[in-house]
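Shown next, in structure tokens, is the structure this report addresses.
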Amino acid sequence: MNYRQLGRAGLKVSELSFGSWVTYGNQVDTRAARELMAAAFDAGVNFFDNAEIYAKGASEEIMGAVLKELGWPRIRYVVSTKFYWGMRTNPNDSNTLNRKYLLHAIDGSLKRLQLDFVDIVYCHRADPTTPIEETVWAMHDIISSGRALYWGTSEWSAAEIRTAWDIADQRNLHKPVVEQPQYNLFHRKRVEDEYKPLCADLGLGLTTWSPLASGLLTGKYRQGIPSGSRGALETYAFLRDGLTDKAKNEIVGRLDGVARDLDCSLAQLALAWCLKNPNVSSVITGATRPEQIAENLKALDTAPKLTSDVLQKIDAAVGSNYS
Ligand SMILES: NC(=O)c1ccc[n+]([C@@H]2O[C@H](COP(=O)([O-])OP(=O)(O)OC[C@H]3O[C@@H](n4cnc5c(N)ncnc54)[C@H](OP(=O)(O)O)[C@@H]3O)[C@@H](O)[C@H]2O)c1
């Protein structure tokens, strides 16, 4: 495993990390999560991503139980959570980043995770109804109280991130050090165009999500929806059109040729492609089975094989079919 700095912050995160969206609480129980996290940790993964909203708190409860059972030294792992959607539909507990919600939310997450602090806390989306200054102060206070060590954003616009950073800079508050955007072969513009200047100017780190586009980039949806896959989940039916998109699956077929030439799997090719971007601090992977973890971690061996020639072949296969 290699470790990269979280942008210009001192924290070091494994290049490949492991998150719990969709899986924990829906497809993976505590016993299975323990097996997956142990396999990841044994291979050097030190960053485990979560969010309050994942399975409405159950994902944090599962991760907390696993961390307790496994008993790793706290210094050896980084845990994150995210706030915005809230757990209920009360005015101050849904779709907000106001001070009241955030200061309640951190306590709820720590209780479910059975931790004294999380390493990174993200504002899971931007909230146009709360002044950014209020959110920055609340995040600063959460960090000052010792309940989180670093903070960042997820899917904020570059302008919003810069505003938050400037407010923190002017008032000597803890600054946002990381953004968590989607990044994969079909979704790259925000990372490559919008956030690139922030990485250079502010030293913003990027921990990126859905590197396999929810499994599409493994090729598993080329012949329809396999049973037991994410695409078969009724509660995530909104993902299905994207996963079974004919044009995208044809592109995946073309990428398969590139992967075969490199003697790697499609998943390894797609993950290695994310790793090639130096602004990416960690590629957050997801998995439902230990075999997937084992396969995906071998993307670390694939990354050096992605020479400029290979990257050109990948670009040719995808063309302009990305957002
Ligand atoms: N900040 C945000 O808004 C946000 C949003 C989404 C995700 N995230 C974070 O990013 C993490 C990763 O996102 P993601 O789960 O969407 O990642 P992904 O890599 O795009 O998809 C992971 C899913 O693909 C399938 N898969 C993984 N490896 C495979 C392999 N080798 N062969 C076949 N199938 C494979 C598994 O699903 P099946 O086995 O069920 O098919 C797995 O759960 C999340 O857990 C979360 O921590 C953040």
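None of the figures in this text is laboratory data; all of them are computed from the coordinates on show. None of these values were measured; they are calculated from a predicted model. Note that each Cβ is placed from the backbone with ideal geometry, even for glycine, and that neighbours are counted across all protein chains shown.
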- Message: Taking the alpha-carbon distance from LYS175 and a cut-off under 14 Å, which aspartates and glutamates remain once sequence neighbours fewer than 8 residues away in the same chain are dropped?
- Response: GLU133, GLU134, ASP141, GLU160, ASP166, ASP201
- Computed ³J(HN,Hα) along the range 5-20: with the Karplus parameters 6.51/-1.76/1.60, θ = phi - 60°, integer Hz and x for glycine or proline, the list is 6, 6, x, 8, 6, x, 4, 9, 10, 5, 4, 10, 10, 9, x, 10
- Distribution of pairwise C-alpha distances over the range 185-250, 10 Å bins, in %: 19, 40, 23, 16, 2
- To the nearest 500 deg cm²/dmol, what mean residue ellipticity at 222 nm is calculated for the chain from DSSP H runs of n ≥ 4 alone, each contributing -39,500 (n - 2.57), summed and divided by the residues? -12000 deg cm²/dmol
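Determine the relative contact order of the chain: mean sequence separation of Cα pairs under 8 Å and six or more apart, normalised by residue count, in whole percent.
Normalised by residue count, the contact order of the chain is 19 percent.
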- Item | Long-range amide H partners of ARG188 with built H, under 5 Å | SER323
- Query: Debye sum, Cα scatterers, the range 97-235, no solvent: what log₁₀ I/I(0) at q = 0.09 1/Å?
  - Reply: -0.34
- Task: Measure off 7 Å from each Cα along the Cα-to-Cβ vector at SER157 and TYR3, then give the distance between these two points in nanometres to one decimal.
- Result: 3.7 nm
- Item | Residue pairs, from the table LYS276/LYS298; LYS68/LYS100; LYS56/LYS298; LYS189/LYS305; LYS82/LYS276, whose Cα atoms sit over 20 Å apart | LYS68/LYS100; LYS56/LYS298; LYS189/LYS305; LYS82/LYS276
- Give me the percent of DSSP beta bridges within the chain that run antiparallel, rounded to the nearest 5. 15 percent
- Query: Over what distance in Å are the Cα centres of the range 28-91 and the range 221-291 separated?
  - Reply: 23 Å
- Report, by chain and number, residues whose modeled amide H sits under 5 Å from the one on THR153, excluding near sequence neighbours (fewer than 5 apart, same chain). CYS123, VAL178, GLU179, GLN180
- Over the Cα atoms of the chain, how large are the radius of gyration and the largest Cα-Cα distance (Dmax), in Å? 19.0, 55
- Note on the structure: In debye to the nearest 20, the charge dipole size for the range 85-219, taken about the Cα centre with +1 at each Lys and Arg Cβ and -1 at each Asp and Glu Cβ, equals 320 debye
- Short version: ³J(HN,Hα) in whole Hz for each residue of the range 232-240, in order, from phi by Karplus 6.51 cos²θ - 1.76 cosθ + 1.60 (θ = phi - 60°), x for Gly and Pro, what are they? 8, 6, 4, 5, 10, 4, 5, 7, 4
- Task: Helix by helix through the chain, keep the DSSP H runs that span 24 Å or more along the axis on Cα and average at least 1.0 on Kyte-Doolittle, and give those back in order.
- Result: none
